[in-house]
Structure formats: C-alpha cells, structure tokens
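Take a look at the structure set out below.
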Amino acid sequence: MSARDEWDVYFQQLQEPSKLQVQAEQVRRFVSEHAKAKRRIALVTSGGTAVPLESNTVRFVDNFSSGTRGAASAEYFLQEGYAVIFLHRARSLEPFSRHWAHQSLFSILELEAEASGKATAVVKSSVASDVSCQLQNFQKYCKSSVYLAVSFTTLADYLFYLREFSMVLSTAGPLALFYLAAAVSDFYLPEEEMPKHKIQSSGGPMQLHLQQVPKMLSPLVKDWASSAFTVSFKLETDERIIAEKARGALEKYKHQVVISNLLSTRRNKVTFVTLSDQVEISVSTESERELEDLIVSELSRRHNEFLHAASTS
Ligand code: 9Z3
C-alpha cells in the first residue's frame, strides 16, 4: 500500500475533531495575512499524544513529553520575527507561562493585607519583574496577531490538525517552516477494535495489540506541503543507533533537517543532520542561553538560505 493509501485508510476510520473546520479557518486567515506580508510562518508541534483504549475513554497510552522543547522554541521563533502556530498537547507547557509551570500557582503568590481587613493575592516581589516581562511579551505577540495556539489531546486529533494546517500552510510556499517537536505515538488502537465502555479488570489481565501509525512525514513532505522547510526530530534512548536512524529518516523523507536527541541529554545537546552536514549544538549547565535559542537561530539562518535559493531557482 502506498503512503497516501495508508493515510486515507487511517483517516477514514476516525472522527475528525469537532473544532477542525473552525480552527482551519483561523489558520487560513493567519497564513494568508502573514504570507501577504512575506513573513515567515512556523508551525511548531509540541507535547505528547494520548492514544485512547476505550471509546468512552478512561484509559489511554501516553508518553513522557512535557512540551518544553516546543514551548521554548515557539518563543524564540517569535523573537526571530516568525508568525507562529503552536499546535500543542492541552495542558502541556506553553510559551512565556512555561517559566512558572513547574511551580504551584500558590508558590509565586502572596497575600497583601488591605486597610479594610480583606487580603488580595499578588505576585511575590522576588518573581514580579520576570512575570511582568513574560506577560508583556505574550500580550505583545498576541496583540500583533503573530501567535496562534491550537491544542489537541489525542493522536487522531493531532494528525487531523497537522494534515489540515499543512495543506493551508502550503499556500505560503517556502515561507512555511514545520518544526515537528511533538512526541507522536507510533501505535494506536483502531476504532473498530475499541471497546465502547471502560475495560473491566474482572476480565483478567489485559492484552493490547496496537496497530502501527503510518509515518506522517511522508505525505507531509510529498503531498501536503512540499515546498516548505521541514524540520523533524528523532528521539532515541540508545546512543549506538541514533546517528543511523536520524540519517535514515532524512534519506527516506527527503526533507531539510532532522534534529536528533537522546532522551537523557535532550536538554543540553542535539545534532542537526542534513544532506550536506552534521552539526552538534550544545549548551553547558552554566550557559545563559537556552538550547532552543541556539536551535532556532541556526534554523532561522538555514531557512533564510532556503528562501533565497527558492527565489533564485
Ligand atoms: C523530540 O525529539 C523532542 O525533542 C522531545 C522534547 C519530545 C524529546 P520535551 O517535550 O521533549 O521537551 O519533554 N520530539 C520528536 C519525537 C518523535 O516522536 N520523533 C519521531 C521519532 O523519533 C519522528 S517524527 O521516530
């Protein structure tokens, strides 16, 4: 079966997200406005995908991704002057607010007593200037309409959004950049094999037989958005196989960059793999700059070269 047929079969058996058409219309307006202004547009995917095991879902298969890579990178793409569509897992990290997401809300607030005897919650003075700065940034990008956030929870919702948005983004040609940092499940349970109600533990041990999700990079690069600049991530836990896997993905899908990372060192080291080179980018623990800052500025430079080459060919 060709990749396109595999995808048709996959999508046909699933219900599209109820908000798909509304969100696609928002993305259409966003892309059309920024493409007209010749602004570069990044679609940043972020977070993990949930794979339901029941139609009335109580249980699902998920993964470790916190959305740090995607949320931090979205901030740096905005700083680089991109318009950003942030397609992220609901309740994973988001740009700007991510800086406090690991703390409880109450740990950054304190009560200020008023003359009336009432108390008002205010941000603690130790973090107030950082909070104001990030809030200002966030509001600035929202007001200038260069930031659009769309959330998903399940694998199916993610894939429906990705397909729809990619086709819309293809209208921006080489101005579009895909930054596929979401940790997308490779396995799923088809709807026709899914029990309607909660699986009962009285039935004894559960055996799962999951189907393989077709590789979405193939139609994305070939059919959905063939003139875009596409960056995928390759994640492994075994350092002996990562280099080969990353190059294999690049040669198979023929897109622009694979960024490989190991689970254990993903916060301080990645490797850019392209057809012409292989470059490691790293930060030390004392570094003032975040790894995503370095990743995005290098991608922005390469994307500009790509745009230049597209305009002269
Ligand atoms: C990544 O490799 C991301 O860098 C991480 C970021 C998910 C490791 P966090 O969200 O982690 O900051 O906690 N993303 C892509 C992972 C992936 O599923 N890649 C597929 C693969 O390796 C290819 S599309 O086969």
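Consider the stretch 193-250. How many of its residues are of a type outside the set (Lys, Arg) and more than 24 Å from Ala310 (Cβ to Cβ)? Let's see the steps before the verdict.
Filtering the stretch 193-250 for residues of a type outside the set (Lys, Arg) gives 193-195, 197, 199-214, 216-221, 223-233, 235-239, 241-244, 246, 248-250.
This time we only want the ones that are more than 24 Å from Ala310 (Cβ to Cβ), so: 193-195, 197, 199-214, 235-239, 241-244, 246, 248.
Number of matching residues: 31.
Give me the residue from the stretch 217-249 that is of a type in the set (A, V, I, L, M, F, W, C) and in a helix (DSSP H, G or I) and, out of that set, farthest from Thr271 (Cα to Cα). Break it down into steps so the answer makes sense when it comes.
To start, the set of residues in the stretch 217-249 that are of a type in the set (A, V, I, L, M, F, W, C) comprises 217, 220-221, 224-225, 228-229, 231, 233, 235, 241-243, 246, 249.
With the extra rule that they be in a helix (DSSP H, G or I), the set shrinks to 217, 220-221, 224, 242-243, 246, 249.
On the way: Leu217: 19, Leu220: 22, Val221: 21, Trp224: 26, Ile242: 10, Ala243: 9, Ala246: 9, Ala249: 14 Å.
Within the stretch 217-249, the match that is farthest from Thr271 (Cα to Cα) is Trp224.
Summed over the stretch 1-29, the residues that are open to solvent by less than 20 Å² (accessible area, probe 1.4 Å) and modelled with pLDDT of 95 or more give a count of 4.
Regarding Ser107, is this residue farther than 21 Å from Asp293 by Cβ and either away from the ligand (no atom under 13 Å from the Cβ) or surrounded by 15 or more Cβ atoms within 10 Å (Cβ to Cβ) (or both)? Steps first, answer last, please.
Details: farther than 21 Å from Asp293 by Cβ: yes; either away from the ligand (no atom under 13 Å from the Cβ) or surrounded by 15 or more Cβ atoms within 10 Å (Cβ to Cβ) (or both): yes.
So Ser107 passes the test.
Assess whether Ser151 counts as being modelled with pLDDT of 95 or more and surrounded by 15 or more Cβ atoms within 10 Å (Cβ to Cβ). Before you say what the answer is, go through the steps one by one.
On the way: modelled with pLDDT of 95 or more: yes; surrounded by 15 or more Cβ atoms within 10 Å (Cβ to Cβ): yes.
Considered against the rule, which asks whether it is modelled with pLDDT of 95 or more and surrounded by 15 or more Cβ atoms within 10 Å (Cβ to Cβ), Ser151 comes out as yes.
Identify the residue in the stretch 37-65 that is within 16 Å of the ligand (Cβ to nearest atom) and of a type in the set (S, T, N, Q) and, among all such residues, is farthest from the chain's Cα centre (by Cα).
Residue satisfying both the conditions and the ranking: Asn63.
In the stretch 170-223, which residue that is among the basic types (Lys, Arg) and more than 27 Å from the chain's Cα centre (by Cα) is surrounded by the most Cβ atoms within 10 Å (Cβ to Cβ)? Outline the logic, then answer.
Keep residues of the stretch 170-223 that are among the basic types (Lys, Arg), which gives 196, 198, 215, 222.
Now restrict to residues that are more than 27 Å from the chain's Cα centre (by Cα): 196, 198.
On the way: Lys196: 7, Lys198: 13.
Filtering the stretch 170-223 for residues that are among the basic types (Lys, Arg) and more than 27 Å from the chain's Cα centre (by Cα), the one surrounded by the most Cβ atoms within 10 Å (Cβ to Cβ) comes out as Lys198.
Each residue in the stretch 10-50 was checked for being without any contact (Cβ under 8 Å) to a residue 24 or more places away in the chain and either outside any loop (DSSP other than H, G, I, E, B) or polar (S, T, N, Q) (or both), and 7 of them qualify.
Within the stretch 186-213, the set of residues being assigned to a helix (DSSP H, G or I) and out of contact with any Leu (no Cβ under 7 Å at 6 or more places or on another chain) comprises Glu192, Glu193, Ser201, Ser202, Gly203. For the residues Ala72, Ala83, Ala90, the requirement of being under 15 Å from the mean Cα position of the chain (by Cα), near the ligand (Cβ under 9 Å from one of its atoms) and on the phi < 0 side of the Ramachandran plot singles out Ala72. One residue stands out among those in the stretch 269-289 that are open to solvent by 60 Å² or more (accessible area, probe 1.4 Å) and within 15 Å of the ligand (Cβ to nearest atom): the one that is nearest to Ala181 (Cα to Cα), which is Lys269. The single residue among Ser260, Ser264 that is exposed (fewer than 13 other Cβ atoms within 10 Å of the Cβ) and modelled with pLDDT of 95 or more turns out to be Ser264.
The values are calculated or read from the model by the stated rules, or taken from the named source; none is laboratory data. What you see is a predicted model, and the numbers here were worked out from it, not measured in a lab. Heads up, the Cβs are rebuilt from the backbone with ideal geometry, glycines too, and the neighbour counts pull from every protein chain shown. Heads up: the accessible areas ignore ligands, DNA and RNA and are worked out on the full protein's heavy atoms, side chains in. Shrake-Rupley method; radii C 1.70, N 1.55, O 1.52, S 1.80 Å.
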